[in-house]
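The values are calculated or read from the model by the stated rules, or taken from the named source; none is laboratory data. None of these values were measured; they are calculated from a predicted model. Cβ: placed from backbone, ideal geometry, glycine included. Neighbour counts: every protein chain shown.
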Amino acid sequence: MNDAPARALDAAPVPAAPKVKSRGLFPAGRTGAAMRAALLPILVIVAWQLAGSGGSLAGGVLPTPDRVWDAWVVWAFGPQGMGLNPYSGTWLSNVLFSSMRVAQGFVLAMAIGIPAGVMIGWSRAVSGTVDPTIQLLRPIPITAWLPFSIAVFGIQDMGAIFLIALGGFYPVVVNATHGARDVDRNWIRAAEMMGASRFDVLRRVVLPAALPAIFTGLRIGLGIAWTAVIVSEMVAVKSGLGYVLWDAYYVGRMDVVIADMLSIGAMGLLSDRLIVTVEHWALRWRRLQSASR
Amino acid sequence: MGTIRFREVVKTYPGKQPVIALDRVNLDIGEGEFVALLGPSGCGKSTLLNLIAGFEEMTSGALSFNGGTVDSPGPERAVVFQEAALLPWLTVEQNIAFGPSVQKRPRAEYEPKIRELLRLVGLERFAHSLPSQLSGGMRQRVGIARALVMDPKALLMDEPFGALDAQTRMSMQQLLLDVWQSLGTTVLFVTHDIDEAILLADRICIMSARPGRITREITVDLPRPRSVDQLTDPAFIRHKAAIMAEMREAQKEHA
Ligand SMILES: Nc1ncnc2c1ncn2[C@@H]1O[C@H](COP(=O)(O)OP(=O)(O)OP(=O)(O)O)[C@@H](O)[C@H]1O
Ligand SMILES: [Mg+2]
């Protein structure tokens with residue numbers, strides 16, 4: 001979580017990072033770090049390309065990287081509706097379908113999970129009435145909810161959104177609960193002695209204090225949300241990256257399958273970065289804290 | 001206005017082996033009086049302070065503040081914590097404004113006051129800093145400003161300077177002396193530093209452990225206003241010798 005460079009608040013002068021001497025192959029600084037990070041993926045791709053012959057390996061099952069790239073280019077930029085290639089030109093719309101579902105489901109998971117978790121962690125009464133039920137349902141994997149979801153919501157968006165929301169909900173609620181439960185007792189006492197009502201304490205002490213844990217939950221939850229969207233699109237919806245993934249496998253288009261997998265990974269990474277960015281903004285006070293320790 | 005009264009107050013922490021933290025404590029603190037609570041670790045000083053602060057409930061006895069019962073924390077009994085207990089996501093200014101703002105006091109009323117307090121504790125330049133950017137002594141000064149901004153009738157301080165180095169501690173003691181001299185609020189000050197107790201207090205209550213009781217009360221009749229320079233005065237040394245004798249005596253009786 002602290003892999004992004006720490007930036008100081010405008011007002012706070014922070015000493016410049018000490019110059020790091022270059023170690024080994026790579027130059028110092030950001031460029032060197034990027035080069036170091038890219039090394040392994042490049043090696044894998046080169047090895048994969050060299051291992052194949054005539055555009056495929058493993059007895060013709062796996063396409064080489066250049067084939068995957070070609071398939072993706074057609075999928076992304078090819079003309080639509082040409083019959084021969086049903087995927088041509090549909091990449092963006094499928095990415096958007098999946099992303100929209102993740103966004104809707106995940107907003108739902110946050111809207112319920114954050115308040116629920118904070119309330120559970122803060123109030124013994126709420127914890128006693130709600131937490132056991134959550135703990136009882138939590139071991140049921142979201143994949144086991146698929147038939148239920150299809151039966152209730154049918155083959156359409158709502159089914160996928162339900163699964164995503166459910167999958168994202170658990171880590172969000174559990175982490176928010178921990179965050180709200182672990183609040184320093186003296187912070188609460190200080191607020192109370194300053195005249196804060198129970199609601200003030202909840203909103204102005206417990207919630208901000210739980211925020212770091214909440215963000216941890218959001219990141220885990222978002223990962224599960226992507227799993228949920230792919231699973232439900234493979235089974236219960238007729239569009240999106242998950243649908244294309246399964247469909248392409250069925251007709252033997254492994255090049256599209258791999259291009260699809262990489263697309264899912266890229267979207268997952270992108271959405272995670274989005275949360276990390278918000279987190280860095282919301283928890284500025286914490287970065288300064290760790291910088292000064 | 002700021003009187004504190006303990007009558008036969010008992011506090012037991014339940015558990016497999018219940019702890020009698022306070023055993024029939026009697027204590028009267030008058031309006032504007034500065035009382036230090038002195039005793040070894042674990043003798044129940046914090047427990048006593050937490051009861052009058054309203055953080056914990058007594059097991060039996062009678063406890064009153066200004067003649068009324070104490071059932072919850074409130075801004076008329078401001079607490080200064082040992083580790084300041086500032087909210088780390090709020091700036092210095094926001095931490096001080098927390099009380100007035102949850103009490104829905106008008107901003108125009110408390111903002112000038114905060115500026116004045118920041119000047120008083122020497123933190124004008126740090127109004128927009130976060131607690132983590134401050135030293136321990138600076139944080140404690142914010143803790144004091146946060147308490148004073150509410151115009152409390154009593155200040156309850158639990159080893160507020162215990163975690164500070166000797167030099168910072170002395171400048172904080174002077175600050176507190178000056179502030180108290182001009183405001184005249186009732187102060188209950190927990191410490192295990194004899195010098196600190198003598199320097200600050202009108203009266204020192206010595207506590208002993210297991211069970212926690214007040215065993216001696218000693219009046220400090222050093223002239224006011226006081227300053228940390230008096231730490232080496234012959235009168236101060238005489239007081240210290242007397243108090244140490246009393247403490248030894250108390251220890252013998254309760255051994
Ligand atoms: N919440 C609690 N539950 C059980 N026992 C407690 C609790 N708080 C305090 N005690 C016990 O009560 C006794 C008095 O504790 P207290 O914190 O009041 O001591 P103290 O004089 O403030 O000590 P110190 O100088 O170390 O802060 C101790 O024996 C302690 O173990
Ligand atoms: Mg204590």
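Side notes on the structure shown:
- Where B:Gly67 falls short, out of the listed (1) closer than 29 Å to B:Val35 by Cα; (2) within 11 Å of chain A (Cβ to nearest Cβ): (2)
- Within region B:146-175, the set of residues being closer than 25 Å to B:Glu111 by Cβ and among the β-branched types (Val, Ile, Thr) comprises B:Val149 only.
- Flag for B:Val25 being within 16 Å of ligand 2 (Cβ to nearest atom), closer than 21 Å to B:His192 by Cβ, within 14 Å of another protein chain (Cβ to nearest Cβ) and in contact with a strand residue (DSSP E or B) (Cβ under 6 Å, 6 or more places away or on another chain): no
- Among the residues making up region B:137-186, a single one is aromatic (Phe, Trp, Tyr) and in contact (Cβ under 8 Å) with a residue 40 or more places away in the chain: B:Trp180.
- In the set (1) within 13 Å of ligand 1 (Cβ to nearest atom); (2) over 22 Å from B:His239 (Cβ atoms), B:Asp151 fails one condition alone, (1).
- Just one of the listed residues (A:Ala180, A:Ala125) is out of contact with any helix residue (DSSP H, G or I) (no Cβ under 6 Å at 6 or more places or on another chain) and part of a helix (DSSP H, G or I), namely A:Ala125.
- Filtered by the rule that a residue be within 16 Å of ligand 2 (Cβ to nearest atom) and surrounded by fewer than 19 Cβ atoms within 10 Å (Cβ to Cβ), region B:1-19 gives B:Tyr13, B:Val19.
- Candidates B:Pro73, B:Pro88 - the one that is free of Cβ contacts under 8 Å to residues at least 24 places away in the same chain and part of a loop (DSSP other than H, G, I, E, B): B:Pro73
- All helices (runs of 4 or more DSSP H) inside region A:185-269 with 3 or more residues being within 14 Å of chain B (Cβ to nearest Cβ) and modelled with pLDDT of 95 or more: A:185-193, A:207-235
- Flag if A:Ala180 is more than 14 Å from every other protein chain (Cβ to nearest Cβ), more than 30 Å from A:Asp260 (Cβ to Cβ), touching a residue at least 12 places away in the same chain (Cβ under 8 Å) and of a type in the set (A, V, I, L, M): yes
- Residues within region B:1-32 that are of a type in the set (Phe, Trp, Tyr) and more than 13 Å from ligand 1 (Cβ to nearest atom), tallied: 1
- Yes/no for A:Trp285 being within 14 Å of chain B (Cβ to nearest Cβ) and in a helix (DSSP H, G or I): yes
- Qualifying residue in region B:81-91 (condition: surrounded by fewer than 20 Cβ atoms within 10 Å (Cβ to Cβ), within 16 Å of ligand 1 (Cβ to nearest atom) and under 30 Å from B:Leu48 (Cβ atoms)): yes
- Here region B:51-69 is the region considered, the condition is being over 18 Å from B:Glu8 (Cβ atoms) and within 16 Å of ligand 2 (Cβ to nearest atom), and the residue that is surrounded by the fewest Cβ atoms within 10 Å (Cβ to Cβ) is B:Phe55.
- Some residue of region B:33-52 being away from ligand 1 (no atom under 12 Å from the Cβ) and more than 19 Å from B:Ala197 (Cβ to Cβ): no
- Those residues of region B:80-119 which are more than 16 Å from ligand 2 (Cβ to nearest atom), among the hydrophobic types (A, V, I, L, M, F, W, C) and either within 10 Å of chain A (Cβ to nearest Cβ) or under 23 Å from A:Arg286 (Cα atoms) (or both), in sequence order: B:Leu86, B:Leu87, B:Trp89, B:Leu90, B:Val92, B:Ile96, B:Ala97, B:Phe98, B:Val102
- Verdict on B:Val187 being modelled with pLDDT of 95 or more, more than 14 Å from chain A (Cβ to nearest Cβ) and away from ligand 2 (no atom under 16 Å from the Cβ): yes
- Filtering region B:50-64 to residues that are within 11 Å of chain A (Cβ to nearest Cβ) and either touching an Asp or Glu at 6+ places or on another chain (Cβ under 7 Å) or at positive phi (or both) leaves B:Asn50, B:Gly54.
- Where B:Arg141 falls short, out of the listed (1) within 16 Å of ligand 1 (Cβ to nearest atom); (2) within 16 Å of the chain's Cα centre (by Cα): (1)
- B:Pro152 falls short on exactly one of the conditions (1) out of contact with any helix residue (DSSP H, G or I) (no Cβ under 6 Å at 6 or more places or on another chain); (2) not in a loop (DSSP other than H, G, I, E, B), and that condition is (2).
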